[in-house]
Structures are given as C-alpha cells and as structure tokens.
Amino acid sequence: MTHERESGRPEERGLSRRSLLKAGVALTGAAVATSATTAVAVADEAQDPNRRKFDVIVVGAGVAGVTATRELRAKGKRVLLLEARDRVGGRTWTDTWRGHMIERGGTWVDRLQPHVWRELNRYELPIMADAGVTRAFMPTLTGFEELDPSVAYVRQNALFTRFFEDSTRIYPEPFKPFANRDLVAKFDRFSLRDRLDQMALAPEDEILLTSWTSLYGGSSKRGALTHIQQWWALAGGTFEAFHGVNTYRPALGTVSILNAMLAEAKPVLKLNSPVKSVVQNPGKVTVTTRAGEVYTAPEVIMAVPVNVWKTISFSPALPAAHREATTAGMGVTEERKLWIDLEHPTDRFVAESPEGSGHPFCYIGRFNDDQPVVAFTVDTSFDAYDRGAVERAIRKIIPDARVRDHIVTNFATDEFALGTGGYRQPYQLIRLHEKLQQPHGRVKFAGSDIANGWNGYIDGAIEDGLRVAGSPTLSGPAALAASAEERIFVPKVNREAYRGLSVR
Ligand SMILES: Cc1cc2nc3c(=O)[nH]c(=O)nc-3n(C[C@H](O)[C@H](O)[C@H](O)COP(=O)(O)OP(=O)(O)OC[C@H]3O[C@@H](n4cnc5c(N)ncnc54)[C@H](O)[C@@H]3O)c2cc1C
C-alpha cells in the first residue's frame, strides 16, 4: 500500500491542536473541524476574528508567516494569521510514520544559517546530528560503484570546488545578493547545465555532479547557476560546509520552532482558511476566504509561496514582476520526497544517481540507525507511489534490497505550495528579486522564495519574515555572532568524514 498526504492521527502530527492550545494560541472558526479541536474553539469565542479588529492580517502560517506574526506581536500589533491547511508549517511538515518522527519537507538547520540558529538558541530547542553513512554507492558509466564514503567525498570535493570557482567573488557579502551587482548580472543568465557544459568534464566526472544539479534546479537546464553559487558563498566557499548544512535537525521536529514562536506571540490563528481574494480600498484591505469569511485590516502580509500568488485574486492586480514570477514559477517543480521502510539492508548508506540515467533517485540514503531511508526524485516518468517500482529502483543499487512500506510527499501537486523548495531560474534574480520584495500598496510579500540569504531554506523564511515585519535581519558580524551561539547542546561531528544528506 502506498501512503500519501495525511498520515497518522491529527494529534500525532507535528503541531497538534492540543499543543497549540497549550501554547495559548487562539485557534478559531474552521479549526473546529475535528474532535481534537472542539475544546479550543469553545474556549476562544471571545477571540472570534469576526468580532475583532486587527492591525495586520498575515496569510500563510509557514515559517515566514509565523516569524512575521511573532515580530508584529512583539511590536504590539493585533495580528490575524490565516492558514489554508489544518496545520501550520507549510513546506515544513513534521509527521509520524510507522512509529518514526519524519520530516516530509524542510529538515536540516545549521549554525551557518544564523536566523534559524538564533531561534534554536532563543527557545533552547534541542538538535540532533545525523550519524552519517558507512557505505556510498556512486554512479559510474556502467552502474553503481560501492565506495568508502571518504573516497567518494574526496572525489566530489574536487569537482564541486571547481564547479563553484567564481562563487565567493560573485557574492562577497553572501546575505546581500547584489553586493557585486555587475558580476551577478553577468552570471545570472546561466543555467546549471551551462556551467556543466563550460567545464567540459569527462563523462565519468560529470555524473558525480548531476544528481545535485538536477535535484537543486528541478533539472540542470531549469535551475539558475547564481542560486547555488550563493549557497556555496553562504557556506563560506567550502565543500565541507556546503554539504555540512544538512547535518543537524531539530530533535523535536521543525515544528518545534513554530510551536515556540506561536507560544510567545499568541496570535489569533485560523486554520482551514484558504484565502481566495485580497482587495485594497482606501485605508483598508479586505481578505476573503474560500468559505466566504471576510476580514479587514489596514495591512496584509502575503506569506504564501510565490507559485501560489496566481491562484489568489488581487485587486488591484499584482504588479508585472509578481505576475511574471508566479506565472513562470520559482522553485523546484517536480521533486518528491519519499520515506522508505527498508527491511533489507538496515545499515547506513547513501547513493546518488545522475540526471538522465533512468534511475529515479537523485539521492537516497539512511543516515541514522533507527530511521527509515529517505529518497528524492525529480524524474517525472517515475511513479513514486508504486511500491514495486520503488523496490526495483533500489535493487539496481543494492540487488537484494527489500521494501516493506513507503510514503510519498509531493508539494509540487499540493495546491498550497505548487512547488517544493525555492530555486530560481536564469534571469530571475537580476530581473525580479528586488521587485518581489516591494509592497503592492498595503499588501506586502514574504517567504523563503524571495529571501536575500538562504533563499529556499528555512533560514531564508525566517529572514524574510523578519524583513517584512520591519525587524533587523542578520548579515556580516551580526550573523557571525548568532552562528557562534551555543546555548543548546551541539553534538560534535567530523564534517569531513561525514557524507550526509546534502539536499535542502
Ligand atoms: C522536500 C523539501 C525538503 C526541504 N529541505 C529543507 C532542509 O532540509 N532545510 C531547509 O532549511 N529547508 C528545506 N526546504 C525548504 C523549506 O522547507 C522552505 O524554504 C520553507 O519551509 C518555506 O517557508 P515559507 O514560509 O516561505 O513558505 P511555506 O512553508 O510554503 O508557507 C506558506 C504557507 O502559506 C499557506 N498558504 C498557501 N496558500 C494559501 C492561501 N490561499 N490562503 C492561506 N494560506 C495559504 C501554506 O499552506 C503554507 O502554510 C525543503 C523544502 C522541501 C519541499
């Protein structure tokens, strides 16, 4: 049986209504949908958003929207947070599956990502480190070769370092994407494929890079070179750190960050409230949900993915740059993330397969002894829901592999995401980025997709939530200071020996 979407009872999922209630968050209206919420709705009648006045309506309770809400509440604003789903978190989604806590979207956090690192320290949220792998299966021109992970690491280090050779020059101040505007303009036209072609690598070397270029860009032809170059610069320009940003994860799930923010902010949060229109009139903005509920406030923050803007009616219409971005799409369009209960083998391994090889998993591996296997595919011809197909694909790498169960998450077909992680196409940085951060009258926009720094990461979502709320973001010495914080226990890892999951 193949699982999709809703897995586990509501209270097992990351941010249960009970935990929201404990946090003092006012859950209202449509949140009464399941029995777990009844007590909450009754208790909060006084908070009925229809009877209250708000200074700001935040649409979208992903990381960016929740961060903006927390900041605005700290400034004394009355905030209504409207969320389409029955949970907060958006493209992060802490879930429970077969007794394991799993992340169905964003997962890894790192001290090089100062905004999220600061939040972990602020709320003293525990983190854990992945244990790493003992076997690496790397692609060759005729199949897969089993290597000692450190040998694979050395090979890829040399290739990645060459691939990224201009990055720190293009981004001398990596949290400020236009610190060297001329060079950004020069490089932003290139796709990841352009860079691979320019390098003219031997085929056996090129295939050691293309699992990454396809995964990050959705396809090497679609993804912009400048986007991944900025990540490399943000990681300090080394392979060790670039891969290493996928070592630590919040031990209580990514949702623990949102839980803590909401507990502090205590906003009025309305789940199950997809917004269908945003209309600006003199002095106020009117927001209407699909269910016909109408809310007004002097200001609205749209913290929904760029790709979703086109599904919402704006009056006046969105500016040209916003229309262009949402029509062309930003981010990886086809990625699906699988968690696989692999009966055999049970050890920690990693395997990569190159773009266009016919093998569906760009990346697959088990990184902790007690966890299921995680895999990513951008292959549109692959039926990720077909258990037999999943097992056959793994057997091409490990012939006697046996799959017991698996679960698929597809944010690309999810109407409230319409894509997975943020990733730009060529020309989008230079042509659109700054314009997308501009307000449209009384409507502002936020999200990881339009963040300045770790765009496409949780850190970027927090950064952009701060920006839109008028709070300072971190860069330069302030970022370094936040990264140095260690109020939480940080498990020590040898990042060079570690060949972890280097995907977003
Ligand atoms: C498979 C995958 C793996 C990833 N791995 C990592 C990782 O390891 N580390 C990392 O840092 N990042 C990772 N990311 C990226 C990270 O998860 C995202 O960048 C980040 O969560 C985006 O946050 P956001 O608030 O900008 O957007 P979202 O999380 O998309 O939040 C937007 C919110 O708006 C809501 N919404 C949409 N439409 C409407 C509407 N009409 N009305 C009301 N609400 C609406 C959505 O339901 C959602 O809650 C990954 C992403 C994916 C998909």
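The values are calculated or read from the model by the stated rules, or taken from the named source; none is laboratory data. Note that this is a predicted model, so its numbers are computed, not measured. Note that each Cβ is placed from the backbone with ideal geometry, even for glycine, and that neighbours are counted across all protein chains shown. Quick note on the areas: whole protein, heavy atoms, side chains included, nothing else; ligands and nucleic acids left out. Shrake-Rupley method; radii C 1.70, N 1.55, O 1.52, S 1.80 Å.
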Which listed residue is over 22 Å from residue 139 (Cβ atoms) and modelled with pLDDT under 95, from 260, 241 = 241
key: Only listed residue being part of a loop (DSSP other than H, G, I, E, B) and under 22 Å from the mean Cα position of the chain (by Cα), chosen from 453, 460   = 453
message = Looking for something under 28 Å from residue 290 (Cα atoms) and outside any strand (DSSP E or B) - is there at least one such residue anywhere in region 430-437?
response = yes
request  = Sort through 274, 282 and tell me the only one that's at negative phi and away from the ligand (no atom under 16 Å from the Cβ).
outcome  = 282
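Conditions tested, residue by residue: (1) away from the ligand (no atom under 15 Å from the Cβ); (2) modelled with pLDDT under 95.
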site	(1), (2)
437	no, no
442	yes, no
446	no, no
462	no, no
488	yes, yes
495	yes, yes
request  = Would you be able to say whether some residue in region 97-105 is free of Cβ contacts under 8 Å to residues at least 40 places away in the same chain and not assigned by TED's automatic domain parsing to the domain that holds residue 471?
outcome  = yes
query = Does region 307-318 include one or more residues that are buried (at least 21 other Cβ atoms within 10 Å of the Cβ), under 30 Å from residue 365 (Cβ atoms), in the same structural domain as residue 88 (by TED's automatic domain parsing) and within 12 Å of the ligand (Cβ to nearest atom)?
reply = yes
key: Residue count for region 219-265, restricted to those that are part of a loop (DSSP other than H, G, I, E, B) and open to solvent by less than 10 Å² (accessible area, probe 1.4 Å)   = 8
remark   = Per the filter on region 118-167, residues open to solvent by 70 Å² or more (accessible area, probe 1.4 Å) and of a type in the set (Ser, Thr, Tyr) are 134, 142
request  = Name the single residue, out of those in region 385-421 being of a type in the set (Val, Ile, Thr) and part of a strand (DSSP E or B), that is surrounded by the most Cβ atoms within 10 Å (Cβ to Cβ).
outcome  = 409
message = So, restricting to strands (runs of 3 or more DSSP E) that lie completely within region 272-381, which ones have at least 2 residues that are closer than 29 Å to residue 86 by Cα?
response = 275-281, 284-289, 294-297, 299-302, 313-315, 336-344, 373-377
task = Name, by its number, the condition in (1) open to solvent by 10 Å² or more (accessible area, probe 1.4 Å); (2) more than 21 Å from residue 245 (Cβ to Cβ) that does not hold for residue 95.
result = (1)
ask   = So is residue 458 within 16 Å of the ligand (Cβ to nearest atom) and either of a type in the set (Val, Ile, Thr) or buried (at least 19 other Cβ atoms within 10 Å of the Cβ) (or both) or not?
value = yes
inquiry  = List the residue pairs whose Cβ atoms are under 6 Å apart, where the first residue sits in region 433-452 and is outside the structural domain of residue 178 (by TED's automatic domain parsing) and surrounded by fewer than 24 Cβ atoms within 10 Å (Cβ to Cβ), the second is modelled with pLDDT of 95 or more and acidic (Asp, Glu), and the two are 6 or more positions apart or on different chains.
reply    = 442/299
query = Are any residues in region 173-206 open to solvent by 30 Å² or more (accessible area, probe 1.4 Å), within 26 Å of residue 114 (Cα to Cα) and either part of a helix (DSSP H, G or I) or without any contact (Cβ under 8 Å) to a residue 60 or more places away in the chain (or both), and if so, which ones?
reply = 179, 180, 181
